[in-house]
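Derivation of every value follows stated rules applied to the coordinates shown; laboratory data play no part. No experiment lies behind these values; they were computed from the predicted model shown. Backbone-built Cβ (ideal geometry, glycine too); neighbour counts: all protein chains shown.
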Amino acid sequence: MMMFYSRGDEIEVVIDREGLGVDEGVGHLADETMVVIVGAGGRIGQAVQATVMAIQKTRLGPSLIANARL
């Protein structure tokens, strides 16, 4: 079931792997939406609280860009 997200939504994501950018971590929400979290580099295996900043539409479906909450 696909959920809908908006800019400003608060989410929690477990980081699966490092992202491509500096200090980025990548995780997936329960509905398999991919989330790139700025400020979550080096936190693989940890749950991170984050704020959604943007939604990108890709050929594989939507992905979210979020900032980690400190």
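For the stretch 6-17, in order, what is each residue's ³J(HN,Hα) by Karplus, 6.51 cos²θ - 1.76 cosθ + 1.60 with θ = phi - 60°, in whole Hz (x at glycine and Pro)?
Taking θ as phi minus 60°, the curve returns 10, 4, x, 4, 9, 9, 10, 9, 8, 6, 8, 7 Hz for the stretch 6-17.
Which whole-number percent of Cα pairs in the chain have a distance greater than 21 Å?
For the chain, the share of Cα pairs beyond 21 Å comes to 13 percent.
Looking at the chain, which longest stretch skips every one of the trypsin sites (Lys or Arg not before Pro) that is in a DSSP loop with at most 14 other Cβ atoms within 10 Å, leaving the sites themselves out?
Working: sites that count: R7, R59, R69.
After excluding every exposed loop site, the longest remaining stretch is 8-58.
For V14, enumerate residues with amide H under 5 Å from its amide H, sequence gap 5+ or separate chain, H modeled in the peptide plane.
HN-HN under 5 Å from V14: H28, V48.
Report the antiparallel proportion of the DSSP beta bridges in the stretch 10-68 as a percent, rounded to a multiple of 5.
80 percent
For the chain, modelled as a GNM with alpha-carbon contacts under 10 angstrom, which of L60, L29, L20 fluctuates the most?
The residue with the greatest mean-square fluctuation here is L60.
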